[in-house]
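Contents: one structure, followed by commentary.
The values are calculated or read from the model by the stated rules, or taken from the named source; none is laboratory data. Computed from a predicted structure; not experimentally measured. Virtual Cβ from ideal backbone geometry, glycine too; neighbours counted across all protein chains shown.
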Amino acid sequence: MADFMGFPAWAPRFYAELEQHNTREFWAAHKDRWEREVRDPMRALVAALEPEFGPAVVFRPYRDIRFSADKSPYKTHQGAIAGPSPGLGYYVALDADGLTVGGGFRSHSPAQTDRYRRAVDADDAGELPRVVATLVNAGFVLEGATVKTRPRGYPADHPRIELLRRKELMAVTNVGTPAWLATPAALDQVRARWEQLRPLADWVIARCAPD
């Protein structure tokens, strides 16, 4: 595989246009360039990071529209996740807004969410709250589905109720389209952010594996 050389400036522009023209005709007209300037660089990026963060899955560009009212055929981003299980570990994506870097887990079942909540409940030492606070202070934003009230089985005055309300937990940051995005330096930028996310990734990998 070729070395990672960055994501060309065309890539975010392509996704901005795809948001407006999400058709098979538009995709066919740009597919070859997408492969060269989006897919292949993403593959090279995660391959370079594999020795430190593990193997990654680069997501396919096609949406599953079987049960969706939105029949747009293509995803408007190119994502990849590195970790031991689907939806668990380190995340990177490119879209019209540029580069997003994150980590944590996306829940695949109620049982996985239950394991996460039981681990939060047992975390009397406050390890996860400290990890999350450090990431928020560093500019990451917490994402993931939540419930509005307390989850069943946990008291409303639980000291970690805000974390317990979450069904899944991701910390992400969008870095946009800085000049380094189109250069090999993007590798070091992603690596540095994944290192910041390592305590969260380690916590969820140890406790929140999917079924």
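Test GLY102 against the criterion of being surrounded by 14 or more Cβ atoms within 10 Å (Cβ to Cβ) and on the phi > 0 side of the Ramachandran plot, and give yes or no. Judged against the criteria, GLY102 is not a match.
Residue by residue, here is whether (1) over 26 Å from ALA16 (Cβ atoms); (2) out of contact with any Gly (no Cβ under 9 Å at 6 or more places or on another chain); (3) of a type in the set (D, E, K, R) holds:
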| residue | (1), (2), (3) |
| --- | --- |
| ALA47 | yes, yes, no |
| GLU52 | yes, yes, yes |
| PRO55 | yes, no, no |
| VAL58 | no, no, no |
| ASP64 | no, yes, yes |
| GLY79 | no, yes, no |
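Tell me which residues, restricted to the range 49-78, are touching a residue at least 24 places away in the same chain (Cβ under 8 Å) and either under 19 Å from MET1 (Cα atoms) or of a type outside the set (Ser, Thr, Tyr) (or both). The answer is LEU49, GLU50, GLU52, PHE53, GLY54, PRO55, ALA56, VAL57, PRO61, PRO73, HIS77, GLN78.
So that you can scan it fast, the table gives a plain yes or no per residue for (1) touching a Leu at 6+ places or on another chain (Cβ under 8 Å); (2) crowded, with 16+ Cβ neighbours inside 10 Å; (3) closer than 24 Å to LEU94 by Cβ:
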| position | (1), (2), (3) |
| --- | --- |
| THR134 | no, no, no |
| PRO151 | yes, yes, no |
| ASP157 | no, no, no |
| ARG160 | yes, yes, no |
| VAL190 | yes, yes, yes |
| ALA206 | no, no, no |
| ASP211 | no, no, no |
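Consider the range 141-194 and keep the residues that are farther than 20 Å from HIS77 by Cα and among the polar types (S, T, N, Q). The one that is farthest from the chain's Cα centre (by Cα) is THR149. Hey, among ASP95, ASP123, which residue is within 14 Å of the chain's Cα centre (by Cα), buried (at least 17 other Cβ atoms within 10 Å of the Cβ) and modelled with pLDDT of 95 or more? Just one listed residue meets the conditions, ASP95. Screening TYR91, TYR15 for residues that are among the aromatic types (Phe, Trp, Tyr) and within 20 Å of ARG191 (Cβ to Cβ) leaves exactly one candidate, TYR91. Kindly establish whether ASP95 is closer than 19 Å to PRO178 by Cβ and acidic (Asp, Glu). For ASP95, the condition - closer than 19 Å to PRO178 by Cβ and acidic (Asp, Glu) - is met. Take the conditions (1) in contact (Cβ under 8 Å) with a residue 12 or more places away in the chain; (2) closer than 27 Å to ARG198 by Cα; (3) not aliphatic (A, V, I, L, M); PRO8 misses just one of them, which is (2). No other residue among VAL120, VAL147, VAL141 is of a type outside the set (D, E, K, R) and within 20 Å of VAL190 (Cα to Cα) apart from VAL141.
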